[in-house]
Amino acid sequence: MPRTKGYPEALDKKLADTRLYEDERHPEFTKTVEKLSMSIPHMCYQCGTCTASCPSAPRSSYRIRKFVRRALLGLEEEALTDPDLWLCTTCYSCTDRCPRDIAPTDVIMAMRNLAFKRDIIPVNFLKTVQAIYTTGHGVPNNDVNRAARKKLGMNPEPPTTHAFPQYVKGIQKIIDYYELKKNADRIVKEREG
Amino acid sequence: MREYAFFLGCIAPNRYPGAESASYKTAEKLGIKLLDLEGASCCPAPGAFGSISLEIWYAMAARNLCLAEQMKKDIALICNGCYKSIWEVNHKLKHHKELKEKVNEVLKTIDMEFKGTIDVWHLAELFYDPEIVGVQKIRDSVKVSLEGTRIAVHYGCHLMKPRKERHFGTTEHPTWLEEMVGALGAEPVEYRNKMLCCGAGGGVRGYDLVHSLDITNEKMINLKEARVDALTEVCPFCQLQFDRGQIEIEEKFGVKYNLPVLHYCELLGLAQGMSPQELALDLHGISCEPFLQKVL
């Protein structure tokens, strides 16, 4: 899902028509998001403090307030197919300032989890998983760094899974328990061949 | 001497080893011994991993917590992202029975169990806490005063936010890190929109680099306005975004700032008399030379 200007066609069409159609609403979506996020988006009165606090808002079409509204109305399709869903830096400024005690950041995280269940996910997220699966680290060691560590009188491999690779097995077991690696590999292959 | 299991994370040991090395040495001078947490992994990255599945994120972070529980030591760490994963998962699992049971079901497959017997701390908060170290002790440990330098502070996001779940007080205008910079003899400098995110988190750096750098660039503009000699932070991921990010900003936007970016532990190391070589400052994307010339 490379980020492009504009939305996918279906979403573009949907956004051009701002009327609310009853058959697009899924009340169970609201409930799932609330459960996953441990938050209360149905309490939102759309004041917009969240969007005003958002570092991503001034430089994109990402509007956190819109996503909270989608959670409240149960607009699952519209929320999960919007590429802006992935522009939240999870800085929690909106959460700190929300006058209704909602955690919009956690609402976004819940929606991202639900999107992944439908294979909607940017590849870079999956690549982090693949790196952790192989080495235990999302940002693994490299030769330049090994040389620098040596010069500092440290072990070239830090005392993590790098120096103790026998621990990687446990990590793989946890990830496999949820079949995450399998799904990640499949989606990356579908996207990149 | 208080002992903590030192949770390294990824970016400090694998990109800025000077920050790791400085943490051991500076902490030891302040009465804190950092022990290796053998077999620890990525925390895992709260933005990238948590976005895929919070459930797996809990289980993976719990594995790291179990390693420290086996050592019977509290965890100390030096990265805000790690703090989000390790502190928050520890907190959530301690308070949600159902969640803990679910995680333990998975951990059983690798013969581990989350018990909830330890606490998690950021090294910076241990340094600031007067009952453990405190600003006065930091001041007393200074050998090379950073007098005459103007230093700005970046708090980052996941250490103090969300405010209601943490214990740091205000997130609109905190000043405790400035106090710690002041203790080194430097002048802490205020700048516009200090609490703005660095732009790297939530997987955005990988998803849309230009968008993420644009946020960083806004911070850089505000920092330039304040005419600072260096920026200090307590999160290696923010450090990466500001330090290597400046090179990317030059490539993408054609603007040059050349602002040295140092982890607070590196800065403290300098003030306690460590040499730039001992801190591997040459690994930084942006040269720290102009700043060092003012100090040394």
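The values are calculated or read from the model by the stated rules, or taken from the named source; none is laboratory data. This structure is a prediction, so every number in the text was calculated from the model and none was measured. Cβ placement follows ideal geometry from the backbone for every residue including glycine, while neighbour counts extend to all protein chains displayed. The protein model used for the area step is the full one, side chains on, heavy atoms only, and it has no ligands, DNA or RNA in it. Shrake-Rupley method; radii C 1.70, N 1.55, O 1.52, S 1.80 Å.
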### Task
Using Cα centres only, tell me the gap between segment B:90-112 and segment A:66-92 in whole Å.
29
### Query
Which helices pass in chain A if a helix is a full DSSP H run, must span at least 15 angstrom along its long axis by Cα, and must have mean Kyte-Doolittle hydropathy not below 0.0?
A:104-117, A:123-135
### Query
So for A:K173, A:K150, what's the accessible-area order with a 1.4 Å probe, most first?
A:K150, A:K173
### Message
Rounded to the nearest 10 Å², what accessible area does B:K25 have for a 1.4 Å probe in the complete protein model?
### Response
90
### Query
Of B:E98, A:E77, which has the most accessible area with a 1.4 Å probe, and how do the rest follow in descending order?
B:E98, A:E77
### Message
Helix-only estimate, please: 222 nm mean residue ellipticity of chain B, summing -39500 (n - 2.57) across DSSP H runs of length 4 or more and dividing by its residues, to the nearest 500.
### Response
-13000 deg cm²/dmol
### Summary
Of B:T117, A:T18, ordered by accessible area with the largest first and a 1.4 Å probe, the sequence is A:T18, B:T117
## Note on the structure
Relative contact order of chain B (C-alpha contacts under 8 Å, at least 6 apart) in percent is 21
### Query
To the nearest 10 square angstrom, how much accessible area does B:I138 have with a 1.4 angstrom probe?
0
### Query
Which translational diffusion coefficient, to the nearest whole µm²/s, is obtained for segment B:148-296 from the Stokes-Einstein equation, given a Kirkwood hydrodynamic radius over C-alpha pairs, 37 °C and 0.692 mPa s?
209
### Query
Which residues of segment B:172-211 bury at least 10 Å² of accessible area once all protein chains are present, versus their chain alone (1.4 Å probe)?
B:E172, B:L196, B:C197, B:G201, B:G202, B:G203, B:V204, B:G206, B:Y207, B:D208, B:H211
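Please compute, for peptide A:119-126, the average count of beta-carbon atoms on other protein chains lying within 10 Å of each residue's beta-carbon. Walk me through the intermediate numbers first.
Working: counts 0, 0, 4, 7, 2, 8, 11, 2.
Going residue by residue through A:119-126 and averaging, the value is 4.
Express as a percent, rounded to the nearest 5, the fraction of DSSP beta bridges in chain B (both residues included) that run antiparallel.
0
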### Sequence-separation-based contact order of segment B:1-49, relative, with Cα cut under 8 Å and 6+ spacing, percent
50
### Query
Scattering from the C-alpha atoms of segment A:12-106 alone, worked out with Debye: what is log10 I(q)/I(0) at q = 0.13, 0.21 1/Å?
-0.41, -1.10
### Task
Sorted from largest down, give the three principal axis spans of the alpha carbons of chain B, whole angstrom values.
55, 44, 34
### Task
Enumerate the amide H contacts of B:C42 below 5 Å, restricted to partners 5 or more residues apart or on another chain; note that Pro and chain-start residues carry no placed amide H.
A:H137, A:G138
### Query
So what is the relative contact order of segment A:65-143, in percent, for Cα pairs below 8 Å that sit 6 or more residues apart?
23
### Message
Please list, ordered by chain and number, the residues whose modelled amide H lies under 5 Å from the amide H of A:T160; skip anything fewer than 5 residues away on the same chain.
### Response
B:G39
### Query
What list of ³J(HN,Hα) couplings, whole Hz, do you get for segment B:48-62 from phi and the Karplus terms 6.51, -1.76, 1.60, once you set θ to phi - 60° and write x for glycine and proline?
5, 7, x, 5, 6, 7, 5, 4, 6, 4, 4, 5, 5, 5, 4
## Note on the structure
Rounded to the nearest 10, the angle in degrees between the Cα long axis of helix B:17-29 and the longest principal axis of the Cα atoms of chain B comes to 80
### Query
Using a probe of 1.4 angstrom, how much of the accessible area of chain B is carbon and sulfur, in percent?
48
### Query
How big is the C-alpha Rg of the protein assembly as shown next to the rule-of-thumb value 2.2 N^0.38 Å, as a ratio?
0.95
### Message
Give me the percent of accessible area attributable to carbon and sulfur for segment A:39-79, probe 1.4 angstrom.
### Response
54
### Query
Semi-axes of segment A:80-170's equivalent ellipsoid from the Cα gyration tensor, sqrt of 5 times each eigenvalue, largest first, rounded to whole Å?
36, 18, 12
### Under 5 Å, built H, 5+ apart or other chain: amide partners of B:E3
B:K33
### Query
When the accessible area of each residue in segment A:80-104 is compared between its chain alone and the complete protein assembly (1.4 Å probe; ligands, DNA and RNA ignored), which residues differ by at least 30 Å², being lower in the assembly?
A:W86, A:L87, A:T89, A:T90, A:C91, A:Y92, A:D96, A:R97, A:D101
### Query
What does the accessible area of B:S145 come to, in Å² to the nearest 10, when a probe of 1.4 Å is used?
50
### Message
If R₀ is 25 angstrom, what is the calculated FRET efficiency for the pair B:K137 and B:I247, using the beta carbon separation as r and rounding to 0.05?
### Response
0.10
### Query
Among the chymotrypsin sites (Phe, Trp or Tyr not before Pro) within segment A:26-67, which fall in a DSSP loop and have no more than 15 other Cβ atoms within 10 Å of their own Cβ?
A:Y45
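Please label the shape of segment B:85-227 as rounded, prolate or oblate, based on the square roots a ≥ b ≥ c of the eigenvalues of the alpha-carbon gyration tensor (a/c under 1.5 means rounded; beyond that, a/b larger than b/c means prolate, else oblate). Let's see the in-between values first.
On the way: a/c = 2.72, a/b = 1.45, b/c = 1.87.
Judged from the Cα gyration tensor, segment B:85-227 comes out oblate (a/c at least 1.5, b/c at or above a/b).
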### Query
Chains A and B: how much accessible area gets covered up at their contact, both sides added, probe 1.4 Å, in Å² to the nearest hundred?
5600
### For the protein assembly as shown: accessible area per residue (Å², 1.4 Å)
40
